Amino acid sequence: MILGIISAMSEELELLLKEMDNKETYKKANMEFNVGEIYGKKVVCVVCGIGKVNAAVCAQILVSEYNVTNVINVGIAGGIGEDIVPGDLVIASDLIQHDMDATAFGDKHGQIPRLDTFDFKCSEDLISLAKNACEKNTNHKSFIGRIATGDQFVADVEKIRWLKEMFNALACEMEGGSIAHVCYLNNIPFVVIRSISDNANTGAHMDFEKFKYIAVENSTNILKAMLKEM
Ligand code: ADE
């Protein structure tokens, strides 16, 4: 097994990279691929940058050039719904791209035209590994459900309402759905785990800065626990 670990921002991987042994770093597509071992497991950790294109390029390089067999995407997300508050964790059951709109051709919102699936389902094994890790390693609540991805930092109550009604999503972020798409095309099991940093509302930007560090610490602890169990 070679595990690819992707996050969008350097803060999100900083703590995990400290655990890496025999680290070698390669640069490709303006991204640093850190190849090494964590707790004896082969891993490639990379910061992909923000948004769907960066994330997709990164995921495909991990698959094609580093032969990863599994992918985990960690990071932060905006929470959708009153039950989910900053600090909570959302493990994706599946992901969709909320900004994909070919409704003019009769496709439903989010459907990628001519693709044989609507959503991208995460690996059941990785989901249960993540759920166990959450239960044993944080005091925060964890949820399993759909994550909606798009090239937009959502800071608008109307948009959250729409994401909930249209997709029944628990969280929104900007990379997971495109990593999921690449993994789907390459038949690679994956999971996305997000710590909630804000409620995607009008104060989202402020909350985000405040909760970022708690959220990052959270997901690092979960990842460490998962790696120990793998
Ligand atoms: N990541 C963290 N918070 C987010 C939000 N509100 N929208 C999109 N991505 C996010």
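Things to note:
- Counted charge near GLU229, where neighbours are those whose Cβ lies closer than 14 Å (Asp, Glu -1; Lys, Arg +1): +3
- Assuming charge only on the beta carbon of Lys and Arg (+1) and of Asp and Glu (-1), the dipole of the stretch 1-128 about its Cα centre is about 500 debye to the nearest 20.
- Gyration tensor (alpha-carbon) shape descriptor, the chain, a/c threshold 1.5: oblate
- What the chain shows is 45 Å² of accessible area per residue, with the surface traced by a 1.4 Å probe over protein heavy atoms.
- For the chain, CYS45, CYS122, CYS134, CYS172, CYS183 have no disulfide-compatible partner, since no other Cys C-beta lies under 4.7 Å from theirs.
- Label point 7 Å beyond Cα of GLU14 along Cβ direction - residues of the stretch 175-210 with amide nitrogen under 19 Å: 195-198, 206-210
- Selection from MET9, VAL85, ASN70, by position along the positive dipole direction of the chain (Cβ): ASN70
- Heavy-atom accessible area, probed at 1.4 angstrom with all protein chains present, ranks THR202, THR103, THR220 as THR202, THR103, THR220, highest first.
- Per-residue [θ]222 nm for the chain (sum of -39500 (n - 2.57) over DSSP H runs n ≥ 4, rounded to 500): -12000 deg cm²/dmol
- Note on the stretch 86-165 and the stretch 1-57: Cα centroid distance 22 Å, given to the nearest whole angstrom.
- Applying 1/(1 + (r/R0)^6) with r as the Cβ-Cβ distance of LYS210 and ASP107 and R0 = 30 angstrom yields a FRET efficiency of 0.20.
- Stretched out straight at 0.36 nm per residue, the stretch from GLU32 to ASP151 would grow longer than its current Cα-Cα span by 40.6 nm.
- Exceeding the 25 Å Cα-Cα cut-off - candidates LYS108/LYS164; LYS18/LYS121; LYS18/LYS42; LYS141/LYS228; LYS164/LYS224; LYS136/LYS164: LYS18/LYS121; LYS164/LYS224; LYS136/LYS164
- Shape call, the stretch 172-230: gyration tensor on alpha carbons, a/c limit 1.5: oblate
The values are calculated or read from the model by the stated rules, or taken from the named source; none is laboratory data. Keep in mind the model is a prediction, meaning the values are calculated, not measured. Quick reminder, even Gly has a Cβ in these numbers, built from the backbone with ideal geometry, and neighbours come from all protein chains shown. Just the protein is used for accessible areas: all its heavy atoms, side chains included, with ligands, DNA and RNA removed. Shrake-Rupley method; radii C 1.70, N 1.55, O 1.52, S 1.80 Å.
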